[in-house]
Amino acid sequence: MTAALLATRPLHFRRTIRTRLTLAYTLLMLVLAGVTLLALYLFMRWAPTYEFPTTTSPHQATGAAQLTPVPVAAPSNVLTPAPGKGLVVRSTDTLLSTLLFASAAALAVLVCAAAGLGWIATGRMLRPLHDITVAARRAGSGRLDHRIALPGPQDELKELSDTFDAMLARLEQAFHAHQRFAANASHELRTPLATTQAVLDVALADPDGHDVAALARKLRVANRQSLDTVDALLDLADSAQGVLDGEIVDLAEAVCEAVAAVTDEARTAGIGLDAVLSHALVQADPVLLRQLLVNLMQNAVRHNTAGGTASVAVSVKDGSVTITVRNSGEVIPDAAIPLLTEPFYRRAGRTADTNGGPRGRGLGLALAATIAAAHGTQLVLIANARGGLTASVTFPLLNLTLGEVTSSDGGDR
């Protein structure tokens, strides 16, 4: 059966990289060796002048008399062995024929050796590609924890291996973050829905024993929580697209609007607000920039202590402008800082009110970090030694004045 299948199935030569490299090395060796041997043959044929001695008669007399050469047989082009002398060269043609024969034999041995050594050398050189292929197949099957960790010098294959390992690490991190995000989003959306379901079940169990207006207020609160969460998720998705409508924005005005948006909430919580502003023009999306600033200010107010402080400053230095939001509060461990920008992460818990005010959704800093990344910068978080958090974002400063911007806007109109 096997023989019949082999007989009917055409044999295909597998042109692997190893085979092609071996053939390329062998062909290159063949060409170089052939050119070298050809040059040697041409040199031996045309450069020297060969003078072989003639054979005289053994009966030739010695003395002053003129010697008469005795004709000898025509030289043969065949290399003939002689007893006790090995191979004997009797003419120029024989010498060149011997050189050509020996060169051809050396060339054949050299090509065979080059092919064998090339096959072994290319196999060792391309072995890392097999490890990379195995890692790619495991990643394709869903196993992102495998790493190649290729040893050896920092060559192209080592660089490719390290790049592939870094890509796998990022994919694994993104995959786990996506899983956490899906689980947290489901929980966040399920909580108000479960509350709504419980209120409705109680109302249906005893329709006459409950105030319809009170039930409506509870349902409105639960529905508002769902809408807020959905809106935050949509904002997070939109800001992650990286498509920005950049305009010239004065950060001082944008920060003033953000402070005004949280003033009532800060007054209710007993949080003191402080702002140190400098006019600075940046290229940014005004809507997303306002969302970034409002989220930072809300985070500073809500995650604070009673009677605490929150401050915002706009500073210009070395061609860049930095927005710094600092607040008091509980001491934050350094290990928790990277988690603050993950969606739905709240150190106070999912259902706990922060400072007696509105409960955060756990998306404020995540959305701020995404907006900052969409503008080509990053949100930097530092835990204060005495408690609280310092958040900063740096933008490139536009070398324009407010007068130039105003005149430009007037000209466009």
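The values are calculated or read from the model by the stated rules, or taken from the named source; none is laboratory data. Just so it is clear, the structure is predicted and the values come from calculations on it, not from any experiment. Every residue, glycine as well, gets a Cβ built from its backbone with ideal geometry; the counts of neighbours run over all protein chains shown. Please note that ligands, DNA and RNA were not included when accessible areas were found on the heavy atoms of the full protein model with its side chains. Shrake-Rupley method; radii C 1.70, N 1.55, O 1.52, S 1.80 Å.
So for the stretch 171-187 (the condition being outside any helix (DSSP H, G or I) and surrounded by 11 or more Cβ atoms within 10 Å (Cβ to Cβ)), does at least one residue qualify?
No; the residues of the stretch 171-187 include none that is outside any helix (DSSP H, G or I) and surrounded by 11 or more Cβ atoms within 10 Å (Cβ to Cβ).
For residue 325, indicate whether it is crowded, with 21+ Cβ neighbours inside 10 Å, within 23 Å of residue 228 (Cβ to Cβ) and modelled with pLDDT of 90 or more. Lay out the reasoning, then the answer.
On the way: crowded, with 21+ Cβ neighbours inside 10 Å: yes; within 23 Å of residue 228 (Cβ to Cβ): yes; modelled with pLDDT of 90 or more: yes.
Against the criterion (crowded, with 21+ Cβ neighbours inside 10 Å, within 23 Å of residue 228 (Cβ to Cβ) and modelled with pLDDT of 90 or more), residue 325 qualifies.
State the number of residues belonging to the stretch 384-397 that are surrounded by fewer than 19 Cβ atoms within 10 Å (Cβ to Cβ) and within 13 Å of residue 330 (Cα to Cα).
The number of residues fulfilling the criteria is 5.
Could you grab me the full set of residues in the stretch 260-279 that are surrounded by fewer than 20 Cβ atoms within 10 Å (Cβ to Cβ) and in contact with a strand residue (DSSP E or B) (Cβ under 9 Å, 6 or more places away or on another chain)?
263, 267, 272, 273, 274, 275, 276, 277, 278, 279
Conditions tested, residue by residue: (1) under 18 Å from residue 266 (Cα atoms); (2) crowded, with 22+ Cβ neighbours inside 10 Å.
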| residue | (1), (2) |
| --- | --- |
| 283 | no, no |
| 295 | yes, yes |
| 306 | yes, no |
| 310 | yes, yes |
| 315 | no, no |
| 319 | no, no |
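Which residue pairs have Cβ atoms under 8 Å apart, sit 6 or more places apart or on different chains, and have a first residue in the stretch 233-256 that is open to solvent by 80 Å² or more (accessible area, probe 1.4 Å) and a second that is at pLDDT 60 or above and not in a helix (DSSP H, G or I)?
245/285; 247/283; 247/284; 247/285
Could you please find all residues in the stretch 330-364 being modelled with pLDDT of 85 or more and under 25 Å from the mean Cα position of the chain (by Cα)?
Going through the stretch 330-364, the residues modelled with pLDDT of 85 or more turn out to be 330-338, 340.
If the condition is that a residue be modelled with pLDDT of 85 or more and under 25 Å from the mean Cα position of the chain (by Cα), then 337, 338, 340 are the ones that fit.
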